[in-house]
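The block underneath contains the structure these notes are about, expressed in structure tokens.
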Amino acid sequence: SADAFRVIQEGTEGLTVQPTTTDGKSATNHLATAILARQRRRKLRGRYYTPGSDTESLRILHPYAVIYRSRAHYLTAFCETRGKERTFRLDRFRTLEMLDETADIPANYNPSAAFTNAWEVVGGRRTRVVIRLRGELARRMRDAQLHSSQKVLPSSSDLLDLQFSVAISEEFVGWILGLGPEALVLSPQTLATRIQTQAAAVAASYGAEEETVAK
């Protein structure tokens with residue numbers, strides 16, 4: 001509706017919206033619905049798709065904030081189904097509608113607090129991680145602030161040891177893998193082993209593909 005897009009353009013309480021989105025096609029309508037529900041303090045009802053389990057579930061939500069992170073819009077909300085605050089990617093809703101029931105939204109809710117232990121979006125138990133960057137990567141990243149928890153540890157001019165306090169999620173593991181061979185996880189060992197295993201699996205899949213093509 002016209003009201004919905006006016007809200008998107010002007011912004012509202014508890015809201016951060018970027019002018020350009022890279023969400024899926026359904027996100028535009030869901031974005032408008034979520035913003036209006038937050039503005040009017042109304043509950044939301046929707047069917048949410050979870051890729052990991054390939055399932056859909058009905059959710060009744062109290063919308064706290066709409067946030068743009070990691071190239072998509074997300075809704076932070078209290079989920080009556082799970083009984084806790086959760087984060088939902090808007091384009092994963094199959095349906096989303098605003099209800100007449102009043103939502104319970106905490107006073108002075110801080111959207112950033114929901115992501116303090118997440119690398120991008122996915123939260124979880126906070127873990128101390130130390131990563132060593134070498135060579136050109138170390139020189140390029142020396143002045144970069146990659147996360148709010150980042151600390152630079154003493155190291156030589158050719159090395160850069162970074163400490164983070166984050167949830168170890170697939171998005172964090174993917175970021176480390178994307179750094180390439182010049183990045184080495186020093187701790188925890190469980191994360192180092194996980195990176196090593198996934199890197200070996202990627203290399204093996206390329207080898208298998210080359211054999212298939214050769215045949």
Contour excess over end-to-end distance, with Cα ends at Arg128 and Arg82 and 0.36 nm allotted per residue: 13.8 nm
Accessible area (Å², 1.4 Å probe, nearest 10) - Glu170: 120 Å²
Relative packing of 197-204, 93-100, which averages over residues the other C-beta atoms within 10 Å, highest first: 93-100, 197-204
Accessible surface of the stretch 64-110 [probe 1.4 Å, protein heavy atoms]: carbon and sulfur percent: 36 percent
The stretch 141-214 shape via C-alpha gyration tensor axes, a/c threshold 1.5: prolate
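For the peptides 74-81, 156-163, 141-148, 129-136, what is the packing order when you average, over each peptide's residues, the other Cβ atoms within 10 Å and list the highest mean first?
Working: 74-81: 20.1, 156-163: 15.0, 141-148: 12.5, 129-136: 17.5.
The densest-packed peptide leads the list: 74-81, 129-136, 156-163, 141-148.
The values are calculated or read from the model by the stated rules, or taken from the named source; none is laboratory data. Predicted, not measured: the structure shown is a model, and the values here were computed from it. Note that each Cβ is placed from the backbone with ideal geometry, even for glycine, and that neighbours are counted across all protein chains shown. In case anyone asks, the SASA skips ligands and DNA or RNA and just uses the protein heavy atoms, side chains included. Shrake-Rupley method; radii C 1.70, N 1.55, O 1.52, S 1.80 Å.
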